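What follows draws every value from the coordinates through simple rules; no lab data is involved. Computed from a predicted model, the values in this text were never measured in an experiment. Every residue, glycine as well, gets a Cβ built from its backbone with ideal geometry; the counts of neighbours run over all protein chains shown.
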Amino acid sequence: MTAIETTAPGTSRARPSFYLKYMVEPYLYLSPAIVLIALVMLVPLAIGISYAFQSVNLLRPFQTGWVGFENFQTLWSDRKFWLALTNTFWWTLGSIFFQFFLGLGLALLLNTQFHGKRLVQALVFLPWAVPTFLSALTWAWLFNPTIGPLPHWLAAVGILSEPFNILGDPNLAMWGPVTANVWFGIPFFAITLLAALQSIPGELYEAAEIDGATVWQSFTKITLPFLAPMIAITVMLRTIWIANFADLIFVMTGGGPANSTQILSTYIFTTAFRKLDFGYASAIAVALLGLLLLYAVILLVLRRKLVKI
Amino acid sequence: MSALRQSSPLAVTGKYLALAFYVGFALFPLYWLAKIAVTPDKLIFTEGTALIPSRFTFENFRTVLLATDFLAYFRNSLIVSLGTAAITTCIAAAAGYAFSRFDFRGKRLVVAVMLITQMFPLLMIIAPIYKIVAAVGLLNSLTSLIIVYTAFNIPFATFLMQSFFDGIPKDLEEAGMIDGCTRFQALRKIILPLTLPGLGATLGFIFTAAWSELLFALMLINSNDTMTFPVGLLTFVSKFSVDWGQMMAAGVLALVPSCLFFLFIQRYLVQGLTSGAVKG
């Protein structure tokens, strides 16, 4: 008679060698990824945070060392920082608003039947594939009255008094990068929302129609509730992504004129790249990171309060 | 949803108008880029804002290719993007396979770390990376760019590859393993051939991402020999800001590889953007 093997709860029943193999094997596949991410992203991240509390300026190589919260004190009284913070808010809000609604419209259109659908789909998604530096340059050129038509068109419909470059006007400049960003970002929302739309069972719409629902009713009672989770997650992630997104503004205006388009991420980059003041750049970056974390936490708490699942 | 409904002619017209608006908005800037690129220099100031130029020329392309360094920039960018795409895809395929097929201690932590790396401001590490790269003597080298881009793209590529592996039934490799394959053999002989389209799509996504990266390249490269296309184009723009035709011809050239890869990965866009979710 053989005794039934029993093991204490929590320990494995499998042979030790097998168990070890099963626990270790996934890490064999993962190790290159983990090592690279740790070396190229996590270690520099830790160093970057530590820079925020140091004086690291390549132009003044002999004044290095720990300075405590000095960088943050400078930041607090830095008028440019607060301006950049306000600009970040408007840049993100403006971009996400138009990207989302235009993207939703496009997704709804692409979810219907029409002639030449495959071609249309390829063409409207194309801006997503255009390299960002090129989108930025192209839009900057479009806003240039010498070679671009936009100032002339805007003047013709009476939005501008005369055809001038709005990228040079502190009051209007932010619209330039926002337009480019909307152009570039519509495909992202359209694609993700289209995927969600296609997962809604068609019978629901048939049932609604038989019950006499209008198009608007089936949109608000079926489509929107089904899309809501996808909308919540994409808008949240996209907001963070746009707030971090410096390329367009850096290429189009470099933050100017008079810092009217300077957002936090471009401010970080110009401080590090042009002034080589790594300590101060890292302090701004830590502030931005803190704000984004705060935003994420608020959203998660709200979600828990509002969504009762 | 309008499949069942009798649509009024007005609604149909409206729909096609809306579609035309979207197509026009998407294509117009690219059309303008190509238009200025083929406009002869002499005509730019007289009819720069006309919809169609009265004469065409390929002179600008010839100048850009033969008289400037753009061919070298193009080659550098190609090396960086292809290198990044190839290495990232290999590493991410292995990692994605681990996520898809194993349930192991620490998995949640690794996934969480990967997600977080997609969300913090990447610019935060631009200064430390510059210092590290300078310390190991790799400034102005394409190798440093390949390593940095590879690390940046691994998390997204891993999630993408995981979604492809998830689509392949586990039974297939289990059958192989019962028949005496080791797991690695099963992976190589059964799973990899099935996931070739997935590998191709990942390659395409990473190529496009690496092709358009600008800020880290600006920081890490300042010698003319190793400039990537974005850095070269930006330098050119700030130096010769009135050579409109040439700048735009260079822009059109930068667009070509992206468009080719876009055609290639178009079918996988939905999967790519929903599994990555955070990637632009």
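Our summary of shape: the Cα atoms of segment A:180-275 have principal axis extents of 66, 20, 16 Å, ordered from largest down, in whole angstrom. Taking amide H as placed 1.01 Å from N in the peptide plane, A:I200 has no amide H partner under 5 Å among residues 5 or more places away or on another chain.
With the cut-off at under 14 Å, measuring from each backbone N in segment A:236-259 to a point 7 Å along the Cα-to-Cβ line of A:L93 picks out no residue.
Across the options A:N165, A:L276, A:T253, the greatest Cα extent toward the positive end of the charge dipole of chain A (unit charges at beta carbon of Lys, Arg, Asp, Glu) belongs to A:L276.
Which longest run of chain B has no exposed loop site in it, a site being trypsin sites (Lys or Arg not before Pro) in a DSSP loop with at most 13 other beta carbons within 10 Å, and the site itself not part of the run? The partial results should precede the final answer.
Working: sites that count: B:R5, B:R55, B:R105.
Here the longest run is B:106-280.
DSSP H helices in chain A with Cα extent of 27 Å or more along the helix axis and mean Kyte-Doolittle hydropathy at least 1.6? What comes out of the filter, once short or polar helices are dropped, is A:278-306.
Counting charges near A:Q54 (Lys, Arg +1; Asp, Glu -1) among other residues having Cβ under 14 Å from its Cβ returns a value of 0.
GNM, chain A, Cα, under 10 Å: largest mean-square fluctuation among A:I166, A:I242, A:I222? Ranking A:I166, A:I242, A:I222 by mean-square fluctuation puts A:I222 first. Here segment A:76-306 is treated with +1 on each Lys and Arg Cβ and -1 on each Asp and Glu Cβ, and its dipole about the Cα centre works out to around 480 debye. Screening chain B for whole DSSP H helices of 27 Å or more along their axis (Cα) with average Kyte-Doolittle hydropathy at least 1.6 returns B:244-265.
Distances between placed amide hydrogens fall under 5 Å for A:Q54 paired with A:V67, all partners being 5 or more residues away or on another chain.
Give the average, rounded to an integer, of partner chain Cβ atoms located within 10 angstrom of each Cβ in B:25-38.
Going residue by residue through B:25-38 and averaging, the value is 5.
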